[in-house]
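Colleague: The structure's right below; bear with me while I get my questions together.
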Amino acid sequence: MIKDNIIRIQAELPKAVQLVGAVKTRTAEEVLEAIEAGLGIIGHNYVQEAERLFNLISQPVKWHMIGHLQSNKAKKAAAIFDMIETVDSLKLSKALGKACTPLNKTMPVLLEINSGEEHQKAGVMPDNAPRLIEKISSLSNVKVMGLMTMGPFTDDPEESRPYFKKTKALFDEIRALNIENTEMSILSMGMSDSYRVAIEEGANMVRIGTKIFGERV
Ligand SMILES: *Cc1c(COP(=O)(O)O)cnc(C)c1O
């Protein structure tokens, strides 16, 4: 079941689009089944649970943080994750850089864009993104690789399209600034209901949970 879903989704995605399996609430057995079918990137929302899974899974997969990360968990996150997709402050970037220094590691990060400009939600307001990336670019042991967005919650993927479009435009705008120590190459947008629309709007990384593992209970 999980295996078939992975194979079907992988076959459908264009070559340049990377699949992140969103595994919150899933068991190690479920995640292992996905890995055996070819899933190469595990996305988790919670540091503690990701760590538990990380210790159970020895396959050479990549681990991406896709949930909100607090600065006080940067040290643990630095040890587990290969990318943080949800950076939204200079404070968190500094904490990650500091945590990565003794590990001799440079953490690739995406800036999470609050594309719906919803005040109660995480992420950087679009207008503030270029300035924040310029500040992060002067830090060592972290490197901005692109943008991530969720967009406002909706059942209708077409309602997400304007937010994906807007985030892609911001991505292109920031890339054109040629900021040092910054590589605008990854645009992470789209989930189970919306990944097709996101890819049409320029996503090259999609985060899929339900379509791989079934409904969360
Ligand atoms: C859960 C989650 C997803 C995947 O959602 P599905 O609708 O289950 O595909 C993607 N991105 C983030 C940040 C998530 O928390």
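Colleague: Report, ordered by the first and then the second residue, all pairs with beta carbons closer than 6 Å, sequence separation of six or more or different chains, a first member in the stretch 185-199 that is under 13 Å from T86 (Cα atoms), and a second member that is in a loop (DSSP other than H, G, I, E, B).
Modeller: Sorted first by the residue in the stretch 185-199, then by its partner, the pairs are L187/G202; L187/A203; L187/N204; M189/A203.
Colleague: Could I ask something else about it? Where residues in the stretch 158-169 are of a type outside the set (G, A, S) and in contact with a Ser or Thr (Cβ under 8 Å, 6 or more places away or on another chain), which of them is farthest from M191 (Cα to Cα)?
Modeller: K166
Colleague: Which residue out of A78, A22, A50, A34 is touching a Cys at 6+ places or on another chain (Cβ under 9 Å) and surrounded by 14 or more Cβ atoms within 10 Å (Cβ to Cβ)?
Modeller: A78
Colleague: Kindly indicate whether any position in the stretch 147-163 is among the aromatic types (F, W, Y), within 18 Å of A16 (Cα to Cα) and crowded, with 18+ Cβ neighbours inside 10 Å.
Modeller: No, there is no match, as no residue in the stretch 147-163 is among the aromatic types (F, W, Y), within 18 Å of A16 (Cα to Cα) and crowded, with 18+ Cβ neighbours inside 10 Å.
Colleague: Further question: All but one of (1) surrounded by fewer than 20 Cβ atoms within 10 Å (Cβ to Cβ); (2) in contact with a Leu (Cβ under 6 Å, 6 or more places away or on another chain) hold for I179, so report the exception by its number.
Modeller: (2)
Colleague: If we keep just the residues of the stretch 133-146 that are farther than 21 Å from G202 by Cβ and in contact with a helix residue (DSSP H, G or I) (Cβ under 7 Å, 6 or more places away or on another chain), which is surrounded by the most Cβ atoms within 10 Å (Cβ to Cβ)?
Modeller: V142
Colleague: Can you tell me which of (1) part of a helix (DSSP H, G or I); (2) surrounded by 13 or more Cβ atoms within 10 Å (Cβ to Cβ); (3) away from the ligand (no atom under 13 Å from the Cβ) is the one D172 doesn't meet?
Modeller: Checking D172 against (1) part of a helix (DSSP H, G or I); (2) surrounded by 13 or more Cβ atoms within 10 Å (Cβ to Cβ); (3) away from the ligand (no atom under 13 Å from the Cβ), the one that fails is (2).
Colleague: Within the stretch 98-117, which residues are over 17 Å from D88 (Cα atoms) and surrounded by 24 or more Cβ atoms within 10 Å (Cβ to Cβ)?
Modeller: Answer for the stretch 98-117, where residues must be over 17 Å from D88 (Cα atoms) and surrounded by 24 or more Cβ atoms within 10 Å (Cβ to Cβ): there is none.
Colleague: Looking at the stretch 7-54 only, could you name the residues that are closer than 18 Å to A74 by Cα and more than 13 Å from the ligand (Cβ to nearest atom)?
Modeller: Answer for the stretch 7-54, where residues must be closer than 18 Å to A74 by Cα and more than 13 Å from the ligand (Cβ to nearest atom): V47, Q48, E51, R52, L53, F54.
Colleague: Let me ask something else about it. Only residues in the stretch 72-85 that are farther than 11 Å from H44 by Cα count as the first member; pair them with residues that are modelled with pLDDT under 95 and not small (G, A, S), Cβ under 8 angstrom, at least 6 apart or cross-chain, and list the lot.
Modeller: none
Colleague: Which of the residues belonging to the stretch 191-217 are among the small types (G, A, S), more than 7 Å from the ligand (Cβ to nearest atom) and surrounded by 21 or more Cβ atoms within 10 Å (Cβ to Cβ)?
Modeller: S194, A198, A203
The values are calculated or read from the model by the stated rules, or taken from the named source; none is laboratory data. Source: prediction; values computed, not measured. Note that each Cβ is placed from the backbone with ideal geometry, even for glycine, and that neighbours are counted across all protein chains shown.
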